[in-house]
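The values are calculated or read from the model by the stated rules, or taken from the named source; none is laboratory data. All figures in this text were calculated on a predicted structure; none of them were measured in a lab. Note that we place each Cβ from the backbone using ideal geometry, even for glycine, and neighbour counts take in every protein chain shown. Side chains are part of the model used for accessible areas, which takes the heavy atoms of the whole protein and leaves out ligands, DNA and RNA. Shrake-Rupley method; radii C 1.70, N 1.55, O 1.52, S 1.80 Å.
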Amino acid sequence: MRIKSSVFIAGLGSLALAAAAVAAPAPSAKVTGQYIESRTADVWTGPCVANSELNLAGKQAVMAWHIDQGTWDNVSLDGLSVVAVVRAQTTLGDPDVAPSPARALLIVDQSANEAQRAALAKFAQAQGGQLLSNVVATEAAPITFATNVGGKHASASLVAGNMVRVSSRAIGADDELCHNEDVFYQPLATHLTHAMPAVATESTYRGSYLGGTWSESGRRGVFVGSFSE
């Protein structure tokens, strides 16, 4: 009887372990994709320009993610995009002054279903951190997203409804003004695996949520990259 009892207890232990394994949530699949960021201050520059823009420019930004594949909150986001438009009180990226309070608009892919739209918003906020903690509105719109990165050259194109347009070209020798240019400001998003600066041929936001709009070109204020989490 003792032998049978031991076998029975061991069997219960195996069943308990199996139940625990079933109950444990499966880890989320890695989320990978492409990233575009456009700022209203030069991110690739030297102190001669950066110091003149501090607290005067760079208070606005567009952050955009296109998910090649992956899930968030157990929802597949393959092939979908999300855009965040941010307006802060100070120059974004200033190491001495926090950008809060910042206001943000989220634009989620119109082709996403309700669950995917909610997951896209949560994903963007996780990547943007405190900068996207105060979302004043979330809109659904068609989003087109394209990047081209090769060697030292990067270009991108982003359209989100009739609210956001960003396009860029590679930085060239004629873009050097201080002649000691480098990446002065780091990208605003986390979990980037690569980011290359570029020149905006267009950077536009038209909307009523952030207390102002902007449209400019020729600024060395774009990052084109990729992410993985």
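Structure above, values below:
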{"item": "Cα Rg, Dmax, the stretch 96-229, angstrom units", "result": "15.7, 49"}
{"item": "Long-range amide H partners of residue 213 with built H, under 5 Å", "result": "none"}
{"item": "From phi via Karplus (6.51, -1.76, 1.60), per-residue ³J(HN,Hα) for the stretch 129-142 in Hz, x at Gly/Pro", "result": "x, 4, 4, 10, 7, 10, 8, 8, 6, 10, 10, 9, 7, x"}
{"item": "Antiparallel bridges, percent of DSSP beta bridges restricted to the stretch 43-149 (to nearest 5)", "result": "70 percent"}
{"item": "Rounded to the nearest 10 Å², the accessible area of residue 59 at probe 1.4 Å", "result": "50 Å²"}
{"item": "Segment residue 56-residue 183, length gained on full extension (0.36 nm per residue, minus Cα span)", "result": "43.8 nm"}
{"item": "Selected from 142, 197, 95 as most flexible by GNM, with the chain as the system and alpha-carbon contacts under 10 Å", "result": "95"}
{"item": "Cα-based helix-to-principal-axis angle, 114-128 vs the chain, degrees rounded to 10", "result": "60 degrees"}
{"item": "Per-pair calculated FRET efficiency, R0 = 35 Å: residue 89 and residue 194 via Cβ, rounded to 0.05", "result": "0.70"}
{"item": "Normalised convex hull volume, the stretch 155-229, alpha-carbon set, Å³ per residue", "result": "121 Å³"}
{"item": "Intensity falloff of the chain expressed as log10 I(q)/I(0), Debye formula with alpha-carbon point scatterers, at q = 0.12 Å⁻¹", "result": "-0.64"}
{"item": "Förster-model FRET efficiency, 30 Å R0, residue 215 and residue 137, C-beta, rounded to 0.05", "result": "0.90"}
{"item": "Cα-based equivalent ellipsoid of the stretch 72-140: semi-axis lengths in Å, sorted from largest, via gyration tensor", "result": "25, 11, 9"}
{"item": "Within-9-Å neighbourhood charge of residue 32 [Cβ basis; K, R +1; D, E -1]", "result": "-1"}
